[in-house]
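Taking it in order: structure first as structure tokens, then the write-up.
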Amino acid sequence: MNNYIRESGYLYIDAAKACSVNNDGTTFDGSLFMDDKVHPTIEAHKLIFEQAKKDVPELFD
């Protein structure tokens, strides 16, 4: 699904990339999620915010 979205041409925030090992976009980094492995930690939210600034900078003009 991630590749489909990445290749779609639509604007999006790549949260999977932000929360993956070495920003590879595929290797799940469990340390960035709460014990339920669904909800991001505070650190993950910070990384997603930084990714948003890269992916859709026009939102921050």
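Only residues that are surrounded by 10 or more Cβ atoms within 10 Å (Cβ to Cβ) and without any contact (Cβ under 8 Å) to a residue 12 or more places away in the chain were counted across the range 7-26, and they come to 4.
Within the range 39-47, is even one residue surrounded by 10 or more Cβ atoms within 10 Å (Cβ to Cβ), modelled with pLDDT of 95 or more, in a helix (DSSP H, G or I) and of a type in the set (D, E, K, R)? Scanning the range 39-47, I find at least one residue that is surrounded by 10 or more Cβ atoms within 10 Å (Cβ to Cβ), modelled with pLDDT of 95 or more, in a helix (DSSP H, G or I) and of a type in the set (D, E, K, R), so the answer is yes.
The values are calculated or read from the model by the stated rules, or taken from the named source; none is laboratory data. Everything quoted here is computed from the prediction, not taken from an experiment. Reconstructed Cβ throughout: ideal geometry from the backbone, glycine too, with neighbour counts over all protein chains shown.
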